[in-house]
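Coordinate-derived values only; no laboratory data. Not measured: the values here are computed from a predicted model.
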Amino acid sequence: MEHRLSRNRRSVRGELEGLDPVEAAEALLGATVRVGETAVLLTEVEAYGGPEDGPWPDPAAHSYRGPTPRNSVMFGPAGHLYVYRSYGLHFCANISLGPDGTAAAVLLRGGEVIEGEQAVRSRRTSGTPFANLARGPGNLAAALGLDLADNGIDVDASDARVRMELPAEPLVGEVARGPRVGISVAADRPWRLWVRGAIGVSAYRRSPRAPAAPRA
């Protein structure tokens, strides 16, 4: 896929605060996440909503039961990094969206390392194939060296450790949609989006705890 990076520093908050979760997910495909000398081009994302009484009820979202100290970033302004530890094993990174006080976020599921490959390899298992360096949300966070200290970062801030650059133009005709990965509720919503044929897109794995998929 051609790397189409924006150099005009469009505001992530300005782009995402008026979008619903799926619209925001699509807007983030092709964005670049930068941490120091490393950069990953996003090729796979996953949308999550919020509480039952909000505009996008989503029982699979961390925010579904309301605000807590852990998920408070999801209720804050758009364009902030929400980082959590998954199953005590690895970190996952999300970007908040929607108006301040309304919970929703987009999980950064996978991408292609486009800068700082050697630095990324120092954080990943020796011999990891290039295509797998940032494939999957835990691997993407590891590739960029993200952890809980990055929770709450405003990715628009000029001095932020983690920065995001939105794509210069929409990825028209390149986006595929399907069910979210590994969740046991709301498992069939087509809220996972990816760039067809791109590096870093993970395989679909349905949670064994999810109800049987509906027949076509």
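Rounded to the nearest whole Hz, the Karplus-based 3J(HN,Hα) values (6.51 cos²θ - 1.76 cosθ + 1.60, θ = phi - 60°) of region 98-110 follow the sequence x, x, 4, x, 10, 7, 4, 7, 10, 6, 8, 8, x, with x at glycine and proline. Over region 12-195, all Cα pairs binned in 5 Å intervals from 0 give whole-percent P(r) values of 1, 9, 18, 23, 22, 16, 8, 3, 0, 0, listed from short to long.
Remark on Ala134: its backbone amide H falls under 5 Å from those of Gly111, Val113, a criterion applied only to residues 5 or more positions apart or on other chains, H modelled at 1.01 Å from N. Each residue of region 163-170 is assigned a 3J(HN,Hα), and the resulting list reads 10, 10, 10, 6, x, 5, 8, x Hz, derived from the Karplus form 6.51 cos²θ - 1.76 cosθ + 1.60 (θ = phi - 60°), x at Gly and Pro.
In order along region 69-79, the phi-based Karplus estimate (6.51 cos²θ - 1.76 cosθ + 1.60, θ = phi - 60°) of 3J(HN,Hα) comes to x, 5, 9, 4, 4, 5, 8, x, x, 5, x Hz; Gly and Pro are listed as x. Scanning residues 5 or more positions from Phe91 or on other chains, those with amide H under 5 Å from its amide H are Ser86, with H placed 1.01 Å from N in the peptide plane. Dividing the summed helix terms, -39500 (n - 2.57) for each DSSP H run of n ≥ 4, by the number of residues in the chain produces a 222 nm estimate of -3000 deg cm²/dmol to the nearest 500.
Largest GNM mean-square fluctuation across Arg177, Arg163, Arg85, computed for the chain with C-alpha springs under 10 Å, falls on Arg85.
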